[in-house]
Each structure stands twice: as C-alpha cells, then as structure tokens.
Amino acid sequence: MSETLTLPAPIITEKQGRFSRWWHGRSRFARQTISLIVILLLLAFAWEGLKFIGGDPWRPANNPFGIEHNPPFRFKIASDLNLPHLWKIFEAFGRESRRNGPPLIQVLAGAAVFTFREAFLGFAIGGLLGFSLGAIFAHSRVLERGFMPYVVASQTVPILAIAPMVIIWLKAGWLSVAIIAAYLTFFPVTINTLRGLRSVEGTAVELMHSYAASTWTMMWKLRFPAALPLIFTALKISATASVVGAIIGELPSGIRDGLGGAILNFNSYYISGPERLWATILITAFVGIFFYLLVSLVEYLILRNRRRPE
Amino acid sequence: MPPTVSIQNVSKVFNPGETNQVLALKEINLDILPGEFVSIIGPSGCGKSTLLRLIGDLIPPSSGAVLVNGKPAPQARLDQDYGMVFQAATLYEWRTVSKNVQLPLELQSVPKAERESRAREMLALVELSGFENHHPWQLSGGMQQRVAIARALVMRPQLLLMDEPFGALDEMTRERMNQELHTIWEQTNKTAVFITHSIAEAVFLSTRVVVMSVRPGRITQVIDIDLPRHRDVDTRETTRYFELVNLVREALRRAEAGL
C-alpha cells in the first residue's frame, strides 16, 4: 500500500525560447524577486521618462548623469515641483529635515515606528472587535439583522467626521489614534468572519452533531479553523487600512511625532522642498507594505499545511 | 436479542404546513439486529439518506419512534453509540490524518497518548499506517474515505452508519473498498446500516437489503442475502450472487414503477 504523491515536473517544450527556459529554471523566490525589481525599474523609468519628455530642463549640476537636456514639451504634471526627480527624493533622505536637525531619514524612521505602533494597536482592537461582531452575528440572525445596518452605516460616515469626536471623548493621544485606526479596520474582518463561519459544509456540521458537539466546540474545532483563510484576507485589508487610519487620526489630534504630522509639516513646505513630502509618502507606503507582509507571513505560517498542490 | 436499531412506524414530513411540504418517509418499520449488515437501496429522492439521519438523530422524525440500542435516538447520539461516514470524506483539511481520526476522542477529552495510540490502531485497520502525519489533500479519494471509516470506528461504536461512502469512487477502487469494509465488519462484529446506489455493492456487503420506493419513501421489499458470511473476490462470481443481484434489481424496478 504505497500511494505517494509526486508533483508534475514543469512542462518544457521545444517551442519555448531560451529566456522562457531560463526563467522557469529559477526558483519561485528568485522569480518573484526578479519581477519585483524589474517592475520597480520600469516604474522609475516611466517616471524619469516623463520628466525627460515633458519636465523642466535638466541641468548638469542637478542630475547624477551630468547631462544638459531641454525636454521638447512642458507637461505641468512633470514639472520639478509636481514630480521631483527620483534622485532628489533619495537625496532628501540624507539631508537634514530642518536647520541643524537630524537627517530626514532619521526623522521619518522615528515617525514610521510611532505611526506603526498606533496602527498596530488599532489593528489589534479593530481585528478583535471585527471578529467578535462577526462571530456574534454568525450565531444570531436576529442580532445580525438588528445591528448590521449600523455596522454598514458606520463605514459610510467619513472617518474625518468621526476623528475629531473620538479625540474629544478620549483626549488626543495614542489611544484615540488607535481607536480611529480600529474604526477603519473592523469592518472587513466582521464581514469575512461572518461569511467564513457560515461557509462550513453541511456534512462537516452534521459530523459535529453526530459527536453531540456543543456550539462552543463547533465554533473552535470547525467553524473558526474553516473561516481562517477568509479572516486572513480581511486582516490583510485591515493592516493597510490601519496605517491610513492612524495617519488620519494624527491630523486632528495635533500629534506631530508620526507620519501624519510629517505629511502635514512637509505639505506646508511643499513649494520649497517637494521631495520631502514625496520621501514621506514613500516611507508611508513602506509601512503599509511592511504591515501587509507581516500579516501575510503569519497567514503563511498558520495556513501552509492547507495548501493543495497545484 | 434486542435490535440494535428499531424504527417504529416512522414518518418524516419536510416543511410541514407550507406549500413545498414533502412527505419524505411514510410509515417505516424496520428492526436491525446486532451483527447485521443492512443496505438500504432505492432511487434518488426515496429518502434513504433521511432514514439514516433519523437513526443518527441528525434530524427528528415527524411521527413514530427510533430506538438505538434500546434507547431513544437522541440519547444514543449523546452516548456516542454510533459512528458515521458520509459520501464526502468530510475530513478537516487543517488536521493531519491522525488528528482527523482523533477528533471524536478529543471531543470526549480522551488523554493525548491514548488518542494517538487508538488512532494508530484504527489507521492500521484501514491499512493506512505511515500516513498519520499526511494532510487529507495529499491522499486519494479512496484513502480519504478510509480515514473517514477509521474516524467512525475510533470510538468503538457498536453501530456504523454509512451514507453512500463509496459513491464518489471509481468502480475498481469501490470494489477494493467493499472488500476492506467487509473484512472490518467481519473482524469487529459491528452492526452496519449502509446507504447505496449500487446493487452489486449492496449484495456483496449485506446480510439484508432493504429496497425503498420514491414519493413517498417507503420500504417495498426486504431481501435476505443468504451468501456465506465470509466473502471475497470469488463471491462475486458465484451463481447465488448473480441470482441475488437480479432479485434486488427486479425489486428496484418494481419500486420505481410504483408497484
């Protein structure tokens, strides 16, 4: 009795070119890394290409290639003010953010950590609240029908209208920002938890009934594990949303230590140094991507045994 | 000997009082004795799965009584008097093979060491030793169904309820599984109620075949399978086996014609 499973070898036919054969010979990780870098380079190329065709004149002193170039067109969007050169943005990281201050990268890194902590706390609160609501609704149609309209309504009210109220109630600070982030994150978790907990097949439930399992046992041995893939999908949405929530929460709170404060600050000095706002945007995006990857990693660790071979 | 399963004048109506009311089962009477292997066969929609779910107390009857081991069916379910196998293996994909088999023990708070040894024992019985740490999706359909059988047996119930467990398998695998199930039944002296669409399977496995008809679901004929208790590949080639297959086929035809 030995039925072993072997994955089919990659199909390589004569028709495929040399590149294709080389590409499929790489490991999955290598392919992902290569495509990541290639796409990044293409984006950078498009950015600078636009500036080359329709930006402000290139001066030898102001670009690393030392070229003098007068673009044939003048697109407003590609001006140095609207779309600074990429090297300007990277240069800005190393320069001091204000007179005699620390370099911008240090300021932004500190702000990123600060905002990430708020976002993480908000994500945790929102995730827990979202899961609890979903679990309650999954077990009671009455409560679902009664409360769901308000849950949906809560998401149509702009966070900008809610944020000042939360700050008045809780006093401006860490916690109020986290609550605002939580407000933005619980909804997808509620919806997907509800859907996931209810998605269990009929016979899987009957099996539990045949064991005379309680609702509690059914929840933790069957419904919850079955719902996990959907819950993680929601958590990935929430992870990025919580960063947005934390940044928005910082604005009316008057908190200057986070990325929200940095965005506000460099926004007001945009005319004199647009690259600093762009640098802040890059860091903000990085925080979001980092959080997303963090949740993806946990998801991978928990769900890796479920993956079916393709 | 008191019957293991006693179905007394049971009827089942779905959606009573509504426009889509259906009389699924009408006045079913059936006693199943300890050690019997009873197959229930009938056209689609004749309520044979419903009948099995009534025995397992997964749904209540509309009228009549179901006794399992002399107790009302709900009590028997609480006492874990039966093990159930469905058409889909219904393994939890996040659990390993061994953990799937251990599930009913886990719910009864059996200590870990005992759980593991009993799961190993059951997996050996269904010839899946060495697959303890595999995940369900790494197994073929037939192997998954064997895991489900091991899981049904792990509580050592006297009664096995099976709802078309081999319905989704190909003919060759199905015959092999029939042989294995027969061997397990022969060795363990269990009582079995087996729902099937396959005449050959019903005759090969059973001591009795119950034929049902559709609309309303009722028992039209009960055929004793007087083959020797021990059965193997040769059994399928004996004259008596063919006669019995024909007998069941004719009974089914009559049931479908509504006679």
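Couple of notes before you dig in:
- Sole exception among (1) aromatic (Phe, Trp, Tyr); (2) closer than 14 Å to A:His139 by Cα; (3) without any contact (Cβ under 8 Å) to a residue 12 or more places away in the chain for A:Phe224, by number: (3)
- Listed here are the strands (runs of 3 or more DSSP E) enclosed by the range B:178-245 that have at least 1 residues being within 19 Å of B:Leu160 (Cβ to Cβ): B:191-196, B:208-213.
- Test: B:Glu106 is facing another protein chain (nearest Cβ under 8 Å), more than 20 Å from the chain's Cα centre (by Cα) and under 15 Å from B:Met155 (Cβ atoms): yes
- Residue match in the range A:105-117 (condition: surrounded by fewer than 19 Cβ atoms within 10 Å (Cβ to Cβ), farther than 28 Å from A:Gly249 by Cα and more than 19 Å from the chain's Cα centre (by Cα)): no
- For the range B:128-147, a tally of residues being surrounded by fewer than 16 Cβ atoms within 10 Å (Cβ to Cβ) and within 9 Å of chain A (Cβ to nearest Cβ) returns 4.
- Against the numbered list (1) under 30 Å from B:Thr96 (Cβ atoms); (2) out of contact with any helix residue (DSSP H, G or I) (no Cβ under 9 Å at 6 or more places or on another chain), A:Ser272 comes up short only at (1).
- Restricting B:Ala148, B:Ala65, B:Ala152, B:Ala76 to those that are under 23 Å from B:Ile195 (Cβ atoms) and outside any helix (DSSP H, G or I) reduces the list to B:Ala65.
- Residue check for A:Ala135: buried (at least 21 other Cβ atoms within 10 Å of the Cβ), within 26 Å of the chain's Cα centre (by Cα), under 22 Å from A:Lys236 (Cα atoms) and of a type in the set (A, V, I, L, M): no
- Only one of A:Gly122, A:Gly127 that is crowded, with 22+ Cβ neighbours inside 10 Å, farther than 16 Å from A:Ile283 by Cα and touching a Leu at 6+ places or on another chain (Cβ under 7 Å): A:Gly127
- Of everything in the range A:66-91 that is surrounded by 15 or more Cβ atoms within 10 Å (Cβ to Cβ) and touching a strand residue (DSSP E or B) at 6+ places or on another chain (Cβ under 9 Å), the residue that is nearest to A:Gly260 (Cα to Cα) is A:His85.
- For A:Ala172, the requirement of being closer than 18 Å to A:Ile247 by Cβ and either at pLDDT below 90 or surrounded by fewer than 17 Cβ atoms within 10 Å (Cβ to Cβ) (or both) is met.
- Put simply, of B:Ser11, B:Ser39, B:Ser98, B:Ser6 the only residue that is within 14 Å of chain A (Cβ to nearest Cβ) and not in a loop (DSSP other than H, G, I, E, B) is B:Ser98.
- Here B:Val233, B:Val210, B:Val214 are screened, and the one residue that is within 18 Å of the chain's Cα centre (by Cα) and touching a residue at least 24 places away in the same chain (Cβ under 8 Å) is B:Val210.
- Those residues of the range B:148-163 which are away from every other protein chain (no Cβ under 11 Å) and charged (D, E, K, R), in sequence order: B:Arg156
- Some residue of the range A:57-67 being polar (S, T, N, Q) and in a helix (DSSP H, G or I): yes
Every residue, every condition in (1) facing chain B (nearest Cβ under 10 Å); (2) buried (at least 18 other Cβ atoms within 10 Å of the Cβ); (3) more than 22 Å from A:Leu121 (Cβ to Cβ), yes or no:
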{"site": "A:Ser199", "(1), (2), (3)": "no, no, yes"}
{"site": "A:Leu207", "(1), (2), (3)": "yes, yes, yes"}
{"site": "A:Thr215", "(1), (2), (3)": "no, no, yes"}
{"site": "A:Trp220", "(1), (2), (3)": "no, no, yes"}
{"site": "A:Leu230", "(1), (2), (3)": "no, yes, yes"}
{"site": "A:Ser242", "(1), (2), (3)": "no, yes, no"}
{"site": "A:Gly245", "(1), (2), (3)": "no, yes, no"}
{"site": "A:Glu250", "(1), (2), (3)": "no, yes, no"}
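- Residue match in the range B:101-118 (condition: part of a loop (DSSP other than H, G, I, E, B), crowded, with 18+ Cβ neighbours inside 10 Å and either out of contact with any Phe, Trp or Tyr (no Cβ under 9 Å at 6 or more places or on another chain) or touching a residue at least 60 places away in the same chain (Cβ under 8 Å) (or both)): no
- Failed item in (1) more than 14 Å from chain B (Cβ to nearest Cβ); (2) of a type in the set (A, V, I, L, M, F, W, C); (3) in contact with a Ser or Thr (Cβ under 9 Å, 6 or more places away or on another chain), with A:Phe290 passing the rest: (3)
- Cβ-Cβ distances below 6 Å connect the following pairs, each with a first residue in the range B:37-54 that is farther than 16 Å from B:Val66 by Cα, a second residue that is in a helix (DSSP H, G or I), and a separation of six or more residues or different chains: B:Phe37/B:Trp185; B:Phe37/B:Leu205; B:Ser39/B:Ala202; B:Ile40/B:Lys48; B:Ile41/B:Ala202; B:Gly42/B:Lys48; B:Pro43/B:Glu256.
- Looking only at the range B:73-82, residues that are at the interface with chain A (Cβ under 8 Å from one of its Cβ atoms) and crowded, with 21+ Cβ neighbours inside 10 Å come to 2 in all.
- Some residue of the range A:140-151 being under 24 Å from the mean Cα position of the chain (by Cα) and part of a helix (DSSP H, G or I): yes
- Unique match (being small (Gly, Ala, Ser), modelled with pLDDT of 90 or more, surrounded by 15 or more Cβ atoms within 10 Å (Cβ to Cβ) and under 15 Å from the mean Cα position of the chain (by Cα)) among B:Ser39, B:Ser49: B:Ser39
- Lone qualifier among B:Ala150, B:Ala124 - being small (Gly, Ala, Ser) and surrounded by 20 or more Cβ atoms within 10 Å (Cβ to Cβ): B:Ala150
- None of A:Thr190, A:Thr185 is of a type in the set (Ser, Thr, Tyr), more than 20 Å from B:Leu91 (Cα to Cα) and at pLDDT 95 or above except A:Thr190.
- Of the helices (runs of 4 or more DSSP H) that lie entirely inside the range A:209-310, those containing 3 or more residues that are of a type in the set (Val, Ile, Thr) span A:224-253, A:274-303.
The values are calculated or read from the model by the stated rules, or taken from the named source; none is laboratory data. Remember, it's a predicted structure, so these values are computed and weren't measured experimentally. Cβ coordinates were reconstructed from backbone atoms using ideal geometry, including for glycine residues, and neighbour counts include every protein chain displayed.
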